[in-house]
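*Asks:* Take a look at the following structure, please.
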Amino acid sequence: MRIECRAVAAPDGTLRDGGFALEVEDGRIRSVSPAAAGGEMARCVAVPGLVQAHVHLCQTLFRGMAEDRTLLPWLEERIWPLEAAHDAETTRISALLSLRELLAAGCTGLMDMGSVRHSAVTVEMLRESGIRARAANSLMDRGPEGLAGEPGWLREETARVRAGCGGLVGYAWAPRFALSCSDALWEWVARESAGQVRATHSSEAPEEMEHPAIEEAGGNVRFLQQRGFLGPGTLLAHCVQLRAGEKELLASTGTSAVHCPWTNLRLGSGIADVPALDSAGVRVALGSDGAPCNNGLDLAADLRLAMALASVRRRPSGLPGGFWLRAATESAAQALGWTGVGRLQEGWRADVVLLEPTEAEWQQILTGEDPVRALLELHWPSRVRMTMVDGRVLYRDGDYPTLPAPPKDLAQMRRKLARRAGIGGGWD
Ligand SMILES: [Zn+2]
């Protein structure tokens, strides 16, 4: 397949204008070369696909149902009861809605944190979509009845979810967070998952940090270190409440931090210090997290927020658009164990997004101080024309060749879920 476009985001973090042709063959980019652009996509800019390094597909059906809460009430009063209320069909619809939204916003890869039950259904939907993914089942043996699982059952469920993975969907281990896992569960996960991709939530909200086990360990990152969970294959979402020395611990162990800026603001948790993490040598990726703590799954919108917030943590942030594009593409892909993913370069996997700015936007992008930042600050869901993963078109001009349409009775499905979760209230 040959894609002709007006410009490309180059591996050195710059935008190159003047007409290009990308040749794609067997899932890879065979060449990227200057060429007069013609055809339907001639006014587009080719960008490596965005990688969501932390997302909960099962929560998309709960969007807007957990407002104005801090982390623990958000989980205890809303998210956990709603996850416990899921059945296979509502889990499938939630994944479908997520994937349609993600593909239309230029996402080509993701790490899904799963839920305790029905994650095999999500894996099926991921495989059906054709997206590149790491999939997990959430591991919790502490927490609310109806959601937390007994250790033997969690092992069996893990085996079922892993067995469903294949193709572009690989497995990742996802113990939920310090407060929802016993030491026996951490021991089992550390033993089974060494050298593999694994993810959890860490150092998110102030109230979580007061938990005696985290206090005793000297911080959440140290808590995870003591349980054998840090390493190059580990991704820690949030890293807002880091204690002295913990950034250095992330860097020395090769552990990645996943910045979820909307979640951290909506739940009132704080602002992760991305400039300091980068200076300490920590790999940073980004995620939209669950729909109900962001109300969007648009990673470019998260990047726009992250770029602004970074200037609050360090004035000025010193992080150009090229840093953020790398964080959301190549760095995230490396964190997830994918090689040759995240650049528009010969021999790399063809995970490509075509964005079409208006002519006025494009003239301003080109003549601004930081064209890559300006490109990332566009409203991607209305500018993405095509999303390709591994050489296969998964989204084009509003069509999804691999996915069915969402059901028409979403409101009814959401009301039913809320009733089953015991939080019917205003939705009945
Ligand atoms: Zn999360």
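The values are calculated or read from the model by the stated rules, or taken from the named source; none is laboratory data. Everything numeric here is computed off the predicted structure, so don't read it as measured data. Every residue, glycine as well, gets a Cβ built from its backbone with ideal geometry; the counts of neighbours run over all protein chains shown. Side chains included, ligands, DNA and RNA excluded: accessible areas come from the protein's heavy atoms. Shrake-Rupley method; radii C 1.70, N 1.55, O 1.52, S 1.80 Å.
*Asks:* Each residue of the stretch 44-54 in order: what ³J(HN,Hα) in whole Hz does its phi give by Karplus 6.51 cos²θ - 1.76 cosθ + 1.60, θ = phi - 60°, with x for Gly and Pro?
*Replies:* 9, 10, 8, 9, x, x, 7, 10, 7, 7, 7
*Asks:* At 1.4 Å probe size, with the rest of the protein present, what percent of the exposed accessible area of the chain is carbon and sulfur atoms?
*Replies:* Details: 7500 of 15650 Å².
Answer for the chain is 48 percent, counting heavy atoms of protein chains only.
*Asks:* What does the charge dipole of the chain about its Cα centre add up to, to the nearest 20 debye, if the Cβ of each Lys and Arg holds +1 and the Cβ of each Asp and Glu holds -1? Before the final figure, lay out each step's value.
*Replies:* Working: 46 positive and 53 negative charges, 80 e Å.
Once rounded to the nearest 20, the dipole reads 380 debye.
*Asks:* Quick check for you: with a 1.4 Å probe and neighbouring chains kept, what is the accessible area per residue of the chain, in Å²? All intermediate terms of the calculation are to be shown ahead of the outcome.
*Replies:* Numbers: 15650 Å² over 428 residues.
Result: 37 Å² per residue.
*Asks:* Next question. Quick one: which of 9-17, 176-184 comes out on top by average Cβ neighbours within 10 Å, and what's the full order, highest first? Numbers along the way, then the final one.
*Replies:* On the way: 9-17: 16.6, 176-184: 19.0.
Put in order of decreasing packing, that is 176-184, 9-17.
*Asks:* Roughly speaking, what % of Cα-Cα pairs in the stretch 1-116 are separated by over 22 Å, rounded to a whole number? Could you put the intermediate results ahead of the total?
*Replies:* Details: 3465 of 6670 pairs.
Beyond 22 Å sits 52 percent of the P(r) for the stretch 1-116.
*Asks:* Work out, step by step, the length gained on full extension between Ala308 and Ala184: first 0.36 nm times the residue separation, then minus their alpha carbon distance; give nm to one decimal. Mind dumping the intermediate values first?
*Replies:* Details: separation 124, 0.36 × 124 = 44.64 nm, distance 4.11 nm.
Between Ala308 and Ala184, full extension yields an extra 40.5 nm.
*Asks:* Moving on. How far apart, in nm, are the 7 Å Cα→Cβ label points at Glu89 and Ala411?
*Replies:* 1.9 nm
*Asks:* Rg and Dmax of the stretch 346-401, Cα atoms, in Å?
*Replies:* 13.0, 38
*Asks:* Per DSSP H run of at least 4 residues, take -39500 (n - 2.57); add these up for the chain, divide by its residues and hand me the 222 nm value, nearest 500 deg cm²/dmol. Don't jump to the answer; show the numbers that get you there.
*Replies:* Numbers: 17 runs with 149 residues, N = 428.
That comes out to -9500 deg cm²/dmol.
*Asks:* Same structure again: So what are the three principal axis dimensions of the chain from its Cα atoms, in whole Å, longest to shortest?
*Replies:* So the three principal-axis extents are 61, 49, 40 Å.
*Asks:* Would you give the gap between the C-alpha center of the stretch 318-396 and the C-alpha center of the stretch 118-186, rounded to a whole Å?
*Replies:* Cα centres, the stretch 318-396 to the stretch 118-186: 30 Å.
*Asks:* Going highest first, how would you order 130-136, 76-82 by mean Cβ packing within 10 Å? Can you show the working numbers first?
*Replies:* Numbers: 130-136: 27.9, 76-82: 20.6.
Order by mean packing, descending: 130-136, 76-82.
*Asks:* What does the charge dipole of the stretch 33-142 about its Cα centre add up to, to the nearest 20 debye, if the Cβ of each Lys and Arg holds +1 and the Cβ of each Asp and Glu holds -1?
*Replies:* Dipole magnitude for the stretch 33-142 comes out near 320 debye.
*Asks:* Quickly rank 337-346, 381-390, 365-374, 49-58 as a protection proxy: mean count of other C-beta atoms within 10 Å, highest first. Could you put the intermediate results ahead of the total?
*Replies:* Details: 337-346: 18.1, 381-390: 21.6, 365-374: 16.6, 49-58: 29.3.
Those peptides, ordered most packed to least, come out 49-58, 381-390, 337-346, 365-374.
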